[in-house]
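See structure below.
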Amino acid sequence: MSGVSPRRLASGRVTRSAQADRAAAAALVARQRRSAPNGIWGMALFLCSEITIFGTMISSYFYLESDNKHWPPAGIKPPSVTLPLIATGVLVLTIVPMFLASRAARRGARPAVLGFVSLALVVQCAYLAVQILLFRHDLNQFRPQDTAYGSIYFTLLATHHAHVLLGILLDVVVLAYVAIRGLTNYWLTAVRNLAIYWYVVNVIAIVVVLTQLSPSL
Amino acid sequence: MATTSTRNAEAQLDLLERVWAERKGLLGWITTTDHKRIGIMYFFTALVMFGAGGVEALLIRTQLIGPHQTVLSPQAYDEVFTMHGITMIFLFVIPMTTGAFGNYLIPLMIGARDMAFPRLNALSYWIYLGSAIFMYAGLAGGHAPNAGWFDYVPLASKTYDPGNNIDFYGWGLIFNGISSTAASINFIVTIFKLRAPGMSLNRMPLFCFAFLAVSFALLFALPSLSVAALFLELDRNLGFHFYDAAHGGDPLLWQNLFWIFGHPEVYIIILPAFGIATAIIPTFTHRKMVLFPLVALAEILVAFLGFGVWVHHMFTVGYPTLVTVYFAAASLIIVIPSGIQLFSWIATILTGTPEFKTPLLWIVGFIVYFMLGGLSGVALAAIPFDQQVHDSYFIIAHFHFVIFGAAVFPILGGMYFWFPKLTGRMYHEGIGKLSFWTTFIGTFVTFFPMHILGLLGMPRRIYTYPAGMGWTFLNALESVGAYVLASGLVLIVLNLFISYFRGPVCEADPWEGDTLEWSTSSPPPAYNFPVIPTVSSPYPMWDKEDRELDKRRLERGEGLMATGHETLATTMQDAEVDEILSMPSHSIWPPVCALMLFGIFAMLLLHHYWIAFGFGVAGGLALISWHDKEAHAG
């Protein structure tokens, strides 16, 4: 019952997170917490919803495949494997700088946070650029209006790319706020959430690319 | 000595009052982040929707009162029954339960001063309001959705439904889904992180367990609906072929995706009712719930098992026997957790000292209809029987007993139960009982004959029927029942409306309730609790010494937390004190963001894709400004 006791509250030993507006104080609050803060919970649950969206789309992909004798349908070449796999591999490597940024944030090291997130941002932008080129290339081969294969193929990929784009925008916003405001308690949690967002999007990238390439594998 | 401490306590309350003061007037309501105000806005919006859905129901029943009626044209009839379903499910029951009851009561029950994400909470409300206006704009323009609430393709495809009726449905439900997703995330975090010190998970009220289960079910069920609706809109507006068999698509994909959402949805509708029942029963029987831990587990289990039974809505589509039998068996398993709860409610009432005041009467009515509707539900799990009565009035009878009799009765009982808490006044008991019996009888007369009509072969969704089918008398009886039912509902509204102005003033805890919302004044102050209570059992109001302790702490000014909108965060499982959070106060950004979302969906509907993009950019900028004012790091 020691933690329950209102005496602990009265003694002033409970941290006031909002007053931790300096990096060092915020880092101390983060270390003293005994359970994940609300923000982390919020992001984790939001990602549950996003994962379910991808799960539904990927299930739909295989459901439609099971309906069709030819998948992809006659006249459409099976997807080429090399470039999408390499691009995904490079994207997944950004887990490393994101992890380091998250750890630096908990130490209160603002320059390291800015550096690691920027590094990841460059790679993520390059990934998105390559993917957009591939998407346009595919659109010249076949269209989503031709068959159900095209419909689910392009919808699944576009949904994934939209999540990458959202992540890039989040990178930019968090970078800007951390650069201006510093690692306050609020933005410290935001950096950690950003890392969690990208872990999940990276794992989704792997599952999506394997689904996309499944006819050729 | 006593006067000094009382004066001390008054000074503390003054301080809290100043810190938590809301803005005045309309602007105060628009920018509010107070969970109680948001709950009240949810309540009245959902009530208006209930009225709209009710009028639609009466139109349907008036059309069917006899053969060859012409109150509604066939086209109008399609729109009216579709809007009735959409309204009651998406715009009334879910917002009323999670939005109004959950929002108002959960922070009060767990001893918190607000929700975990107050601004997100406001956003949920404004999106809900926007989606309701969006879908009703279709009806106002004569283009309401018209393919039924489950909107099967190919009927709902562009070929057979060329207007933009279905687009109001598709985009509207995606829009609405954002609100429910945000709300469910908010409830889960609130319940996990903001419980009063000592309220470990095993001491959490069953009401909160039910809402926790609902929130998880919503979180995982809604994506399926959103994806299904997105596919539908892509098919309809951009010429994709997800559901088009001629181009390798599959209409059954829609049915699967819809019911993967749709069946958990059924439990999403009914679980809050279970929660309200478990709040009312102990209070009016003056005893603790029988089998508390099993009931908590059963609530979670119902939500979980609800994800594995969706094909029982599709027994007639021609799936292999192996598939249908699996889903029939899975559907039967749900009887077990439902039965546990049913027996627990009954046993608690029978072994307690029940006081049959209005709220408990509604719960008894709920138990009766849940049992009747449950029995026909078990019957429907039998595949041959289901194939026989599929799409007949038997189905309508079954789910109206369950959804109206079982899911809505506790909502109505809950309105009476918590009315004194919201207003500080008491409703009229006699009229309360009268309204119950009128509604109870009306419900039976309206929906029971539908079983027989279904067995006689009357199909659902027909706009009229010929004389001489043997359906005329029962249909007339049902329509009379519907008017009786409606008058019961009007009595409730009148009773509560008049009591709000004329009812006798009552104390903070008129029922000797068991949960923490009764510990604070009626109506509760903006800060909910002067000091955050500590809890040592699932029935904190019956632990008198704990509540005495709260009072003494207030007099000493101990643990007041008044340097901002502060509340306590505790650990997830054991609810040990972890940190003091500072919550955001009023903000204009939630309604602005909701407005931008409305713009996006309206422009998607009108095919102005670049303008929709522009609204998206504006919404993004609004979100950036939202975070300019830092709240707690949450």
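The values are calculated or read from the model by the stated rules, or taken from the named source; none is laboratory data. Values in this document were obtained by computation on a predicted structure and should not be read as measured data. All Cβ positions, even for glycine, are placed from backbone atoms using ideal geometry, and neighbour counts span all protein chains on display.
Applying the criterion of being within 14 Å of chain A (Cβ to nearest Cβ) and hydroxyl-bearing (Ser, Thr, Tyr) to the residues of the range B:144-194, the residue that is surrounded by the fewest Cβ atoms within 10 Å (Cβ to Cβ) is B:157.
Output the residues belonging to the range B:213-229 that are over 12 Å from residue B:271 (Cα atoms), touching a residue at least 60 places away in the same chain (Cβ under 8 Å) and more than 8 Å from chain A (Cβ to nearest Cβ).
At the first step, the residues of the range B:213-229 found to be over 12 Å from residue B:271 (Cα atoms) are B:219-229.
Within this subset, residues satisfying the condition of being touching a residue at least 60 places away in the same chain (Cβ under 8 Å) are B:220-221, B:229.
Of everything in the range B:213-229, those that are over 12 Å from residue B:271 (Cα atoms), touching a residue at least 60 places away in the same chain (Cβ under 8 Å) and more than 8 Å from chain A (Cβ to nearest Cβ) turn out to be B:221, B:229.
Checked against the criterion of being out of contact with any helix residue (DSSP H, G or I) (no Cβ under 7 Å at 6 or more places or on another chain), outside any helix (DSSP H, G or I) and within 14 Å of chain A (Cβ to nearest Cβ), the range B:585-602 has at least one qualifying residue. Filtering the range B:519-534 for residues that are without any contact (Cβ under 8 Å) to a residue 24 or more places away in the chain and over 26 Å from the mean Cα position of the chain (by Cα) leaves an empty set.
Picking from B:363, B:340, B:349, B:336, which residue would you name as being over 24 Å from the mean Cα position of the chain (by Cα) and in a helix (DSSP H, G or I)?
Result: B:349 is the single residue among B:363, B:340, B:349, B:336 that is over 24 Å from the mean Cα position of the chain (by Cα) and in a helix (DSSP H, G or I).
When residue A:91 is tested against (1) among the aliphatic types (A, V, I, L, M); (2) in contact with a Ser or Thr (Cβ under 6 Å, 6 or more places away or on another chain); (3) buried (at least 19 other Cβ atoms within 10 Å of the Cβ); (4) more than 14 Å from every other protein chain (Cβ to nearest Cβ), just one condition goes unmet, and that condition is (2). Residues of the range A:179-208 that are within 13 Å of chain B (Cβ to nearest Cβ) and not aliphatic (A, V, I, L, M): A:181, A:182, A:184, A:185, A:186, A:187, A:189, A:192, A:193.
Got a sec? Which of A:59, A:66, A:80, A:35 is touching a strand residue (DSSP E or B) at 6+ places or on another chain (Cβ under 9 Å), surrounded by fewer than 20 Cβ atoms within 10 Å (Cβ to Cβ) and of a type in the set (Ser, Thr, Tyr)? Going through A:59, A:66, A:80, A:35 in turn, just one is touching a strand residue (DSSP E or B) at 6+ places or on another chain (Cβ under 9 Å), surrounded by fewer than 20 Cβ atoms within 10 Å (Cβ to Cβ) and of a type in the set (Ser, Thr, Tyr): A:35. When we screen A:51, A:58, A:86, A:76 for residues that are more than 14 Å from chain B (Cβ to nearest Cβ) and either more than 30 Å from residue B:579 (Cα to Cα) or touching a helix residue (DSSP H, G or I) at 6+ places or on another chain (Cβ under 6 Å) (or both), the only hit is A:86. Name the residues in the range A:105-142 that are among the aliphatic types (A, V, I, L, M) and at pLDDT below 95, would you? Scanning the range A:105-142 gives A:105, A:109.
Within the range B:560-574, being at the interface with chain A (Cβ under 7 Å from one of its Cβ atoms) and at positive phi holds for one residue alone: B:564.
Condition test on residue B:341, is it out of contact with any helix residue (DSSP H, G or I) (no Cβ under 8 Å at 6 or more places or on another chain) and at negative phi? Here the answer is no, as residue B:341 does not meet what is asked. Would it be correct to say that residue A:157 is at pLDDT 95 or above, away from chain B (no Cβ under 14 Å) and farther than 24 Å from residue A:38 by Cα? No: the conditions fail for residue A:157. Of the residues B:452, B:492, the single one that is touching a helix residue (DSSP H, G or I) at 6+ places or on another chain (Cβ under 9 Å) and buried (at least 21 other Cβ atoms within 10 Å of the Cβ) is B:492.
In summary, residue B:576 fulfils each of the numbered conditions (1) touching a strand residue (DSSP E or B) at 6+ places or on another chain (Cβ under 8 Å); (2) acidic (Asp, Glu); (3) without any contact (Cβ under 8 Å) to a residue 24 or more places away in the chain with the single exception of condition (3).
Residue B:526 - would you say it is within 29 Å of residue A:190 (Cα to Cα) and part of a loop (DSSP other than H, G, I, E, B)?
On the way: within 29 Å of residue A:190 (Cα to Cα): yes; part of a loop (DSSP other than H, G, I, E, B): yes.
Against the criterion (within 29 Å of residue A:190 (Cα to Cα) and part of a loop (DSSP other than H, G, I, E, B)), residue B:526 qualifies.
Per-residue answers, yes or no, for (1) of a type in the set (Phe, Trp, Tyr); (2) under 27 Å from residue A:172 (Cβ atoms); (3) modelled with pLDDT under 95:
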residue: B:573; (1), (2), (3): no, no, yes
residue: B:587; (1), (2), (3): no, yes, yes
residue: B:594; (1), (2), (3): no, yes, no
residue: B:601; (1), (2), (3): yes, yes, no
residue: B:612; (1), (2), (3): no, yes, no
residue: B:630; (1), (2), (3): no, yes, yes
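Pairs linking a residue in the range A:149-160 that is surrounded by 19 or more Cβ atoms within 10 Å (Cβ to Cβ) to a residue that is basic (Lys, Arg), with Cβ atoms under 9 Å and 6 or more positions apart or on different chains, are A:150/A:143; A:154/A:143.
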